[in-house]
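Undergrad: Pasting a structure here, questions to come.
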C-alpha cells in the first residue's frame, strides 16, 4: 500500500479525505484520518468494506483500476468483497450478470458495499474504441423466436412501470432473478433467425440496466455501474451500435448523478458519434441534453447553453413513436430533456430557469405512471424556489412532493427529503411559520415513510 500511496503522490491526510469522499458517495460514513492510513501502511488490515474504499480512492489518483488484493489487504480467493467484481469484459456477459445477480439477491458484500469506480467509465470508453475481444454467448439446447423476445420486452415494461410508480426497491429481487434465470437461458437458446438472436440480447441488455437502475435508486452506485457495463457488453453481442450508444449515455448520466463527471462528456460524445445521422430527433435530443449538462459541469457555459437550445429544438414537435424500444422504455423524451435542461441551469446557478424546467418536466408526466420522477422533479423545483428566496412557495411545492412520495421506496427520494430539511434550516431558526409546518410534515414522513 505504501508504494501505491507514493506513486499516487498524496499525503496520508489527502488519502484519508478521498476515502471519506468515496464512502459518502456510497451512502457510508467512515472516520478515516491520517493516523488510520499510517496504521494500514504499517500492516493493520482494514475492514473489507473499508479496503474497497481505499482501493477506489487510490484508483482515482492513479487513474487505473486498483483492487484490495493488490494493496495486500486480503489474499486472492478469500471470498471477501473485491472492487474488480463484475468488471470483466473478456468473459461471457451472461456469466458475469449471473454472478452479479446472485450476489445482489443474497446481499453479499461484493454487491452491496462496492463503491462507484471512476475507472469503469474509462473502461467503457475503451470498449467503445476497441471493440475489445469478446467472449461470445454460448448457444445451448432449445429453440426460441419472436414470441420469447416479445415476452421479455413486455415483462421489462411491467417491471419498469412498477419501478416508476413505487420506487426501485419494489420487485427488485424478482427482476434480478428473472434476469439470471429466464432471460439468461433465453439468450443461450437457439433462435430461428440471427436477427431474433440479436433482439433477445438487446432485450436482455434492457433488463440488465433496469437492474442497475434499481441498484442506483437504492444508492448502491458500484453495483449499478457493473450492471451497466455488462449491459453494454450485451449490446456488443447483439451487434447493436445504436443501443450501445444509449448505454454509454446511461453511464454518463450515472456519473453526473453520482457527482463523478470526469468521463461524462467523453462518454456522451462517443455515443453521439455512433448515432450521428442514424436516429430519430426525440432520441437524439436525449443525447444532446445529456451533453449540455456534462458541458455545464465542466464549466463550459456558453457551449452548454447552445446544446440545451439544440436539444429543445430537436424534441419540440418530434414524434416519440419513432423512438426505438430501448429508448422509449424510459418514458417521455420531452420530460427527460426538460429534466436535464433544469439540472444544466441549476449547475450554472440559474435557479429561476431551472425551476421552470423542473416544473415543465412534471407537467409532461401525467397521472401516476411516473410518480417517483414527478415527486423528485417537484422537490427539485421547490429547492430552486427556496434558493430564490421564495420560501413559502417552496414549502407549498415540497408539500405536494411529499404527497407523491408516499409509499415510494427509493434512496433518491430519501435524499431529496434530506435536502428539504437542509434548505429549510435557516428559516426554521427564524421561526418562519411555513418552514416550521413543513418541517413537521418531513418529520412525520420520515417516521411513517418507507
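Taken together, the values in this text are just the output of simple stated rules run on the coordinates, not laboratory data. Just so we're clear, the structure is a prediction, and the values are computed from it rather than from any experiment. Here Cβ is always computed from backbone atoms with ideal geometry, including for glycine, and neighbour counts include all displayed protein chains.
Undergrad: So for 150, 300, fewest C-beta neighbours within 10 Å to most, what's the order? Intermediate results must be reported in sequence, preceding the final value.
TA: On the way: 150 12, 300 15.
Taking fewest neighbouring Cβ atoms as first place, the list is 150, 300.
Undergrad: Mind putting together the pair-distance distribution for the stretch 149-254? All Cα pairs, 5 Å bins, whole percent per bin, short to long.
TA: It works out to 2, 14, 24, 25, 21, 10, 3, 1, 0, in whole percents.
Undergrad: Taking 8 Å as the Cα distance limit and 6 or more residues as the minimum spacing, I'd like the relative contact order of the stretch 321-450 as a percentage. Please report the intermediate quantities before stating the final value.
TA: Values: 135 pairs, mean separation 24.6, N = 130.
For the stretch 321-450, the relative contact order is 19 percent.
Undergrad: Given only helices, namely DSSP H runs of n ≥ 4 each adding -39500 (n - 2.57), what is the per-residue ellipticity at 222 nm of the chain, to the nearest 500 deg cm²/dmol?
TA: On the way: 23 runs with 308 residues, N = 450.
So the helix-based figure for the chain works out to -22000 deg cm²/dmol.
Undergrad: For the stretch 296-351, state the average projected area of the convex hull of the C-alpha atoms over all orientations, rounded to one decimal in nm².
TA: Details: hull surface 17.0 nm².
For the stretch 296-351, the mean projected area of the Cα convex hull comes to 4.2 nm².
Undergrad: While we're on this one: Got the relative contact order for the stretch 86-239 handy, in percent, Cα pairs under 8 Å and 6 or more residues apart? Walk me through the numbers before you get to the answer.
TA: Values: 212 pairs, mean separation 54.6, N = 154.
Relative contact order for the stretch 86-239 comes out at 35 percent.
Undergrad: Using the alpha carbons of the stretch 2-84, what is the convex hull volume per residue in cubic angstrom, as a whole number? Could the numbers behind the result be given before it?
TA: Details: hull volume 7.0 nm³, N = 83.
Expressed per residue, the convex hull around the Cα atoms of the stretch 2-84 is 84 Å³.
Undergrad: Let me ask something else. What number does the stretch 251-348 give for Rg over Rh if you use C-alpha atoms and the Kirkwood radius?
TA: Values: Rg = 12.4 Å, Rh = 13.2 Å.
Radius of gyration relative to Kirkwood radius: 0.94.
Undergrad: For 214, 343, 276, which order do you get if you count the other beta carbons within 10 Å of each Cβ and list the fewest first?
TA: Numbers: 214 26, 343 22, 276 11.
Exposure proxy ranking, most exposed first: 276, 343, 214.
Undergrad: I've got another one for you. If I model a spin label as a point 7 Å beyond the Cα along the Cα-Cβ vector, how far apart are those points for residue 150 and residue 169 in nm?
TA: Modelled inter-label distance: 3.7 nm.
Undergrad: Same structure, new question: Round to the nearest 0.05 the FRET efficiency obtained for residue 161 and residue 319 when R0 = 22 Å and r is the Cβ-Cβ distance.
TA: On the way: r = 22 Å, r/R0 = 1.01.
The calculated FRET efficiency here is 0.50.
Undergrad: Once a ≥ b ≥ c are taken as the square roots of the eigenvalues of the Cα gyration tensor of the stretch 291-450, is the result rounded (a/c under 1.5), prolate (a/b larger than b/c) or oblate (a/b not larger than b/c)?
TA: The shape class here is oblate.
Undergrad: Sticking with the crude label model, points 7 Å out along Cα→Cβ, report the distance from residue 393 to residue 95 in nm, one decimal please.
TA: Result: 5.9 nm between the two label points.
Undergrad: Please work out how much length the chain gains when fully extended from residue 189 to residue 126, using 0.36 nm per residue of separation minus the C-alpha to C-alpha distance, in nm with one decimal.
TA: Working: separation 63, 0.36 × 63 = 22.68 nm, distance 2.95 nm.
Difference between extended and current length: 19.7 nm.
Undergrad: Consider all pairwise Cα distances in the stretch 374-450 and report the whole-number % of them above 21 Å.
TA: Values: 466 of 2926 pairs.
It works out to 16 percent of all Cα pairs.
Undergrad: Please report the relative contact order for the chain, taking Cα pairs under 8 Å with a sequence separation of at least 6, and give it as a percent rounded to a whole number.
TA: Numbers: 691 pairs, mean separation 51.2, N = 450.
Across the chain, relative contact order equals 11 percent.
Undergrad: For residue 24, put the label point 7 Å out on the Cα→Cβ axis and report which residues of the stretch 394-422 keep their amide N under 20 Å from it.
TA: 411-422
Undergrad: Any chance you could tell me what percent of the C-alpha pair distances in the chain go past 27 Å? If you can, show how the numbers build up before the last one.
TA: Values: 56408 of 101025 pairs.
It works out to 56 percent of all Cα pairs.
Undergrad: How would you classify the stretch 323-401 from its alpha-carbon gyration tensor, with a ≥ b ≥ c the square roots of the eigenvalues: rounded for a/c under 1.5, else prolate if a/b is greater than b/c, otherwise oblate? Walk me through the numbers on the way to the answer.
TA: Details: a/c = 3.31, a/b = 1.59, b/c = 2.09.
Cα axes put the stretch 323-401 in the oblate bin.
Undergrad: Project the alpha carbons of the stretch 86-239 onto their principal axes and report the range along each, largest first, in whole Å.
TA: 41, 37, 23
Undergrad: Full extension from residue 2 to residue 41: what is 0.36 nm times the residue separation minus their Cα-Cα distance, to one decimal in nm? All intermediate terms of the calculation are to be shown ahead of the outcome.
TA: On the way: separation 39, 0.36 × 39 = 14.04 nm, distance 0.56 nm.
My answer for the length gained is 13.5 nm.
Undergrad: Something else about it: Arrange 200, 353, 96 by Cβ neighbour counts within 10 Å, fewest through most, would you?
TA: Details: 200 25, 353 18, 96 22.
Result, fewest neighbours first: 353, 96, 200.
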